[in-house]
Amino acid sequence: MKRLLSIGLSLLLTSPVWADEGMWLLPLLKQQKFPEMQALGLKLQDYDIYSPDSASIKDAVVIFGGGCTGEVVSPDGLVLTNHHCGYGQIQQHSSVEHDYLTDGFWAMTRAEELPNPGLKVTFIDKIEDVTEYVLEELKKDTDPNSMNYLSPAYLNGLAVEKTGEKYLQDHPGTEVEIKAFYGGNKYYMFTKKIYPDVRLVGAPPSSIGKFGADTDNWMWPRHAGDFTVFRIYADVNGNPAEYSESNVPLRPKRWLKISLKGVQENDFAMMMGFPGRTNKYYTSWEVAERRDIDNTVRINVREIRQQVMLEEMLKDPVVRIQYFSKYAGSTNAYKNSIGSNWAINKRNFEEVKREEQDKLLVWAARMNKPEYKEALSVLEQIVKDRKDLRFRSWMLDEAISRGIEFTRVPSSVEGLSTAIRQKDTETRKNELERLKNGYERFADKDYSPVVDAKVAKVLLKEYRRLIPADKQPAYFSTIDKQFKGDVDAFVDHLFKSSIFGSEDNFRKFYQHPSVKGLENDPMILFAQAVQQEKQALADALKDFDAAYANAHRTYVRGLLEMYGDQANFPDANFSLRLTYGQVKGYAPRDAVYYDCQTTLEGVMEKEDPDNWEFVVPERLKELYQAKDYGQYGLGNGRMPVNFCATTHSTGGNSGSPVLNANGELIGINFDRNWEGVGGDIQYLPDYQRSIIVDIRYVLFIIDKYAGAGYLLNEMDLMDQ
């Protein structure tokens, strides 16, 4: 027994987890990391952060929309998140006449707050360990190739069974979800309360919220006021309800206090939010696959597409509004992939993972556990066997499906064709209306056929350059057969001849629909061919899924046994997590050091009135020149803007609250530095930094810039 304890302790101590690394589950926080957090400076108790029985900080942290985090900051349901998280809502409310993207928006009364159909805010009411329950249910599954142990549909079905339909009916807006952790070796159930009436309260202009835009994206030092203000509404009983004028501001269980004291180098900082996805348990072969296929394809294709979009955006203000969000979304993943490849090579992640695999093999041999060696062999072979399919799939996805917008035209037209042939007037009318609705969803106010055509020409050429002709969608042979390889002429033909090529084309078809017009439509044929190829590749890759998932589950179980559960956090899966560290600068390269805090001085240094990314609003310049910072300045004539910390974050943490040792809000996370994005695979203690908008800058913009200081009257501002 003593020898086993000694081995366990040794393995625990050699676990590759850095002090600031980790996205920790709240129910395990006390036993796993809480002593380390207190040693680093935390002044709270574990139940202040997470309590299953009473209100705690976790009750003020929400899922904002479908992929961001937000925080409740007032007893009247006021929520802060990032400008880029609320960007879609700001864009939808914008027009050339009322350009809230450029000018900003501030509701000066609650009656002026803008509703946002489809936008939801989600609270996590309860988190339960249901591993034993799920494993017992899985024993009933006799299919050896079943992947129910990872299936959201199956697991959520179990969640409903465990909770009971009556409970869900009696609690409006409540949903339950079971998520798999550690590759399916552990399970937690989340009880959620979802509010669908969320209104826009305020947003700074993009010149503040997106200052630096794509040039500064993923970069430090940073100077962006990346925040937006919303409010949650409920019915008069406090229950979730669809938008109604009779709804009232939500009275939340908990809201965050806000610190005016600010931050200093080495201060304790913690972040709570919903990180989307990490790959901590990659093998060395998957690291190489990520670098050489996934990232390389994305970098190459998006660079080509973005160049075309940007040229068109700079030429036309209407196109700028239409494509700003699309362009930003594209560059976001593009820069991430560049940074990921840099980190993989800089720190030789392949070798890091190979050393961990070798350690497991030695341990498994000593412990007589051959299943772990077999799992690694299976994973190695799968990555090798799927290489060509994966490359083709990534190229089709990036260059065609994502890159070319007309691949998303309505292509299921059999019902309309049949109705026209059979002269079924009623069905014809219904199917024609369905086609019209599909066309309007595709060619909405944010679509430009001119831009799409130009993008299609360059991306089709690149796709055909890299993918052999016999591996391309069948319809692409038309380019050679009818157009002698002239891609430009082919794309021009699509827009000229397709019923979806222009509003005029669609109107003519709608007035006189024909079977021939549908069956010979080149955009429909193009979209159908892409969908068929996409499905064929997905089916071929799916053949590897069950074997991969089983081997990966076994491999992760081996690591957990070798290191001990307490030394390892599960990969991010958009579940509520906590990460902690310190406010700290870093040295990106030899003889260069970046401080942890930026100020308004840096905004003015970057100002370039001829570059849309670095335009500074006149009002902000006036406040700067007058040093009119109110209670939010540093006291030395400087105004804080952003800071960075060693907290381990990823996509989904956008909008996450950053808290000090007392649990008070000190900032809103909005990005990571370029050198640290490789932390999705392996934490980089010397480089990894979360980029955070200082809460004092948020308050300054609301109060002094926007003149919406009445909002601060709702908040608990702490100046000590």
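The values are calculated or read from the model by the stated rules, or taken from the named source; none is laboratory data. Note that the coordinates shown come from a computational prediction; the quantities given were computed from them, not determined experimentally. All Cβ positions, glycine included, derive from the backbone under ideal geometry; neighbour counts span all protein chains shown. Remember, those area values only see protein heavy atoms, side chains included, never the ligands or the DNA or RNA. Shrake-Rupley method; radii C 1.70, N 1.55, O 1.52, S 1.80 Å.
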For this session: May I ask you to list pairs of residues, at least six apart or on different chains, whose Cβ atoms are under 6 Å apart, with the first in region 179-198 being free of Cβ contacts under 8 Å to residues at least 60 places away in the same chain and the second being open to solvent by 20 Å² or more (accessible area, probe 1.4 Å) and assigned to a loop (DSSP other than H, G, I, E, B)?
Result: none
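Condition check ((1) polar (S, T, N, Q); (2) more than 30 Å from W285 (Cβ to Cβ); (3) modelled with pLDDT under 95) across all residues:
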position: A549; (1), (2), (3): no, no, no
position: Y563; (1), (2), (3): no, no, yes
position: T598; (1), (2), (3): yes, yes, no
position: W612; (1), (2), (3): no, yes, yes
position: V616; (1), (2), (3): no, yes, no
position: L623; (1), (2), (3): no, yes, no
Seminar exercise, completed: For region 388-417, the count of residues that are open to solvent by less than 30 Å² (accessible area, probe 1.4 Å), farther than 22 Å from Q472 by Cβ and of a type in the set (S, T, Y) equals 1
Exercise. Which one is least open to solvent (accessible area, probe 1.4 Å) among residues in region 652-673 that are at negative phi and touching a Cys at 6+ places or on another chain (Cβ under 8 Å)?
Worked result: N673
For this session: Within region 663-696, work out how many residues are within 24 Å of the chain's Cα centre (by Cα) and not in a loop (DSSP other than H, G, I, E, B).
Result: 21
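State yes or no: is E426 in a helix (DSSP H, G or I) and either modelled with pLDDT of 95 or more or surrounded by 12 or more Cβ atoms within 10 Å (Cβ to Cβ) (or both)?
On the way: in a helix (DSSP H, G or I): yes; either modelled with pLDDT of 95 or more or surrounded by 12 or more Cβ atoms within 10 Å (Cβ to Cβ) (or both): no.
So E426 does not fit the description; no.
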Problem set entry | Where a residue in region 610-636 is acidic (D, E) and its partner, wherever it lies, is assigned to a loop (DSSP other than H, G, I, E, B), with Cβ under 7 Å and at least six apart | E613/G212
Seminar exercise, completed: Checked region 504-537 for anything free of Cβ contacts under 8 Å to residues at least 40 places away in the same chain and either among the basic types (K, R) or open to solvent by 20 Å² or more (accessible area, probe 1.4 Å) (or both); matches are D504, N505, R507, K508, Q511, H512, K516, G517, N520, Q535, A536
For this session: Being in contact with an Asp or Glu (Cβ under 7 Å, 6 or more places away or on another chain) and without any contact (Cβ under 8 Å) to a residue 60 or more places away in the chain is the filter here, so list the residues in region 319-346 that pass it.
Result: Y334
Exercise. Is it the case that some residue within region 574-584 is of a type in the set (D, E, K, R), open to solvent by less than 50 Å² (accessible area, probe 1.4 Å) and assigned to a loop (DSSP other than H, G, I, E, B)?
Worked result: no
Exercise. Could you list, in sequence order, the residues of region 606-651 that are closer than 18 Å to V583 by Cβ, buried (at least 21 other Cβ atoms within 10 Å of the Cβ) and among the aliphatic types (A, V, I, L, M)?
Worked result: M639, V641, A645
Exercise. Which residues, counting only those in region 161-176, are in contact with a strand residue (DSSP E or B) (Cβ under 9 Å, 6 or more places away or on another chain), open to solvent by 40 Å² or more (accessible area, probe 1.4 Å) and free of Cβ contacts under 8 Å to residues at least 24 places away in the same chain?
Worked result: Y167, H171, E175
For this session: May I ask you to list the residues in region 130-153 that are open to solvent by 40 Å² or more (accessible area, probe 1.4 Å), under 27 Å from the mean Cα position of the chain (by Cα) and farther than 17 Å from N550 by Cα?
Result: A153
Exercise. Has region 214-231 got at least one residue that is under 30 Å from A111 (Cα atoms), modelled with pLDDT under 95 and surrounded by fewer than 18 Cβ atoms within 10 Å (Cβ to Cβ)?
Worked result: no
Exercise. Could you count how many residues in region 258-278 are under 25 Å from G65 (Cβ atoms) and surrounded by 15 or more Cβ atoms within 10 Å (Cβ to Cβ)?
Worked result: 10
Exercise. Considering region 443-474 alone, what residues qualify as being closer than 18 Å to E398 by Cα and among the hydroxyl-bearing types (S, T, Y)?
Worked result: Y463
Seminar exercise, completed: In region 359-394, residues that are assigned to a helix (DSSP H, G or I) and more than 30 Å from V301 (Cβ to Cβ) total 16
Exercise. So is I420 buried (at least 17 other Cβ atoms within 10 Å of the Cβ), of a type in the set (V, I, T) and at pLDDT 95 or above or not?
Worked result: no
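For region 347-391, give me each residue that is of a type in the set (K, R) and either touching a residue at least 12 places away in the same chain (Cβ under 8 Å) or in contact with a Lys or Arg (Cβ under 9 Å, 6 or more places away or on another chain) (or both). Step through it out loud before you land on a result.
Taking region 347-391 first, the residues of a type in the set (K, R) are 347, 353-354, 359, 366, 369, 373, 384, 386-387, 390.
Across region 347-391, the qualifying residues are R347, K353, R354, K359, K369, K373, K384, R386, K387, R390.
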Problem set entry | Output for region 471-490, where each listed residue is under 35 Å from the mean Cα position of the chain (by Cα) and over 14 Å from V530 (Cβ atoms) | V487, D488
For this session: Pull up region 342-358, narrow it to residues that are modelled with pLDDT of 95 or more and either open to solvent by less than 10 Å² (accessible area, probe 1.4 Å) or hydrophobic (A, V, I, L, M, F, W, C) (or both), then point me to the one that is farthest from T296 (Cα to Cα).
Result: Q357
Exercise. Among the residues of region 585-605, how many are part of a strand (DSSP E or B) and closer than 17 Å to G262 by Cβ?
Worked result: 3
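How many of the residues in region 281-303 are surrounded by 18 or more Cβ atoms within 10 Å (Cβ to Cβ) and either farther than 30 Å from Y182 by Cα or at pLDDT below 95 (or both)?
So the answer is 2.
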For this session: Could you check how many residues of region 29-87 are open to solvent by 50 Å² or more (accessible area, probe 1.4 Å) and closer than 30 Å to T102 by Cβ?
Result: 2
Exercise. Taking region 97-129 as the search range and keeping residues that are open to solvent by less than 30 Å² (accessible area, probe 1.4 Å) and out of contact with any Phe, Trp or Tyr (no Cβ under 9 Å at 6 or more places or on another chain), which one is nearest to N82 (Cα to Cα)?
Worked result: F105
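Residues checked against (1) surrounded by 19 or more Cβ atoms within 10 Å (Cβ to Cβ); (2) polar (S, T, N, Q):
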residue	(1), (2)
R464	no, no
P468	no, no
K471	no, no
T478	no, yes
Q482	no, yes
V491	yes, no
F495	yes, no
S498	yes, yes
